[in-house]
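Taking it in order: structure first as structure tokens, then the write-up.
The values are calculated or read from the model by the stated rules, or taken from the named source; none is laboratory data. Computed from a predicted model, the values in this text were never measured in an experiment. Virtual Cβ from ideal backbone geometry, glycine too; neighbours counted across all protein chains shown. Just the protein is used for accessible areas: all its heavy atoms, side chains included, with ligands, DNA and RNA removed. Shrake-Rupley method; radii C 1.70, N 1.55, O 1.52, S 1.80 Å.
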Amino acid sequence: MVLALDPGITRVWRTPDSIQFGVDEPVLVLDGITSADERMLVALAAGVTAEGLRLVADRARAPSGAVAALLDRVAPVLAPDRREPPPTPPLVVLDGAGPTAVALGVLLSDAGADVRSGLDWSDAAVERADVAVIVASYAVEPQRQARWLRRDVPHLPIVFGDAGVTVGPYVRPGYGPCLRCVDLHRTDADPAWPAMATQLHTRDAPGETAIVVAATAALAAALLLAASAEPPHGPDPGVSARLPRGRCDWVSRAWAPHPECGCLGLPP
Ligand SMILES: [Zn+2]
């Protein structure tokens with residue numbers, strides 16, 4: 001087994017005998033670093049076996065127990081065991097097309113995700129998807145979101161309207177409001193909404209300018225990567241972010257489950 005300091009944690013000397021791990025959010029500060037400790041830290045930075053580390057300690061005339069003591073102190077900043085298989089990349093299915101879908105695919109692929117797009121509903125990847133992204137104009141067609149809900153696949157809508165773009169709410173089936181809940185709330189606010197929505201689903205996405213594409217893809221990619229990581233880093237279910245046209249700040253909105261939807265097992 002190779003012991004190594006986590007290369008993702010920045011190391012910086014505070015004083016000649018004190019080293020800090022992490023800058024903006026310090027993880028660990030080691031004071032009283034001896035020259036033997038320093039040599040062992042150099043070895044650990046490069047990666048070393050326990051036997052090799054003992055050899056370094058012996059050559060530096062470290063007292064007995066120095067290796068165990070140092071390893072105990074640096075335990076919070078050691079890299080995971082390199083023999084462990086790398087985690088499986090999240091499988092993200094892009095349900096939709098256009099420049100935002102393309103940009104999002106590039107960002108997610110660059111971050112190591114397994115991104116698929118242009119799939120048939122019969123494709124096996126649809127069933128195995130960890131998360132889906134629905135890119136739509138004005139509103140998400142009920143049957144589109146229902147396909148992901150039925151498969152229990154979390155999904156993130158990106159909806160372009162004539163006054164801005166909305167990302168979310170991120171839907172975790174069974175853990176928060178779904179997109180039908182959102183539609184029912186919109187219908188409560190305007191009973192003509194369903195009739196209008198059916199005329200808008202097939203229209204081109206408005207406002208997909210280069211800057212909006214970049215901002216939207218970056219936000220959606222960050223949300224999706226957080227969602228595929230361990231909780232509690234995932235996005236809050238039921239919260240959408242809206243970028244009004246011509247603005248640079250996202251506006252959050254929380255959505256409640258709609259009592260008539262029944263997606264959470266509530267009585268219809
Ligand atoms: Zn619902």
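For GLY161, nonlocal amide neighbours, meaning residues 5 or more places apart or on other chains whose placed amide H falls under 5 Å from its own, are TYR138, THR166. Within the chain, the selection of entire DSSP H helices by a Cα span of 24 Å or greater along the long axis and an average Kyte-Doolittle value of at least 1.0 returns 210-228.
Its DSSP H runs of at least 4 residues, each contributing -39,500 (n - 2.57), put the calculated 222 nm mean residue ellipticity of the chain at -10500 deg cm²/dmol, to the nearest 500.
Residues whose amide H lies under 5 Å from that of LEU5, counting only those 5 or more places away or on a different chain, are ALA45, GLY47, ALA79; hydrogens are built 1.01 Å from N in the peptide plane.
Projected label points at THR10 and SER109, each 7 Å from Cα along the beta carbon direction, are separated by 3.1 nanometres.
Bridge orientation summary for the chain: considering DSSP beta bridges with both residues in this region, about 60 percent are antiparallel.
Take the Cα of SER18, step 7 Å toward its Cβ, do the same at ILE211, and the gap between the two points is 4.6 nm.
Of interest is the spacing of the C-alpha centroids, which for region 171-234 and region 11-33 amounts to 43 Å. Rounded to whole numbers, the Karplus 3J(HN,Hα) couplings from phi for region 120-126 are 6, 5, 7, 5, 4, 5, 5 Hz, using 6.51 cos²θ - 1.76 cosθ + 1.60 with θ = phi - 60°, and x at Gly and Pro. For region 91-254, the calculated P(r) over all alpha carbon pairs, in 5 Å bins from 0 to the bin holding the longest distance, is 2, 9, 19, 24, 23, 16, 6, 2, 0 percent. Annotation: amide H of ARG11 within the under-5 Å range of GLY22, sequence separation 5 or more or interchain, hydrogens built in the peptide plane. Label zone (ASP81, point 7 Å along Cα-to-C-beta; backbone nitrogen cut-off 15 Å) within region 1-28: 1-4. Only protein heavy atoms count here; on that basis, with a 1.4 Å probe, TRP13 has an accessible area of about 110 Å². Among 65-74, 139-148, 15-24, the peptide with the highest mean count of other Cβ atoms within 10 Å heads the list, and the full ranking is 139-148, 65-74, 15-24.
Extension gain for the segment VAL29 to GLU51, taken as residue separation times 0.36 nm less the Cα-Cα distance, is 5.4 nm to one decimal.
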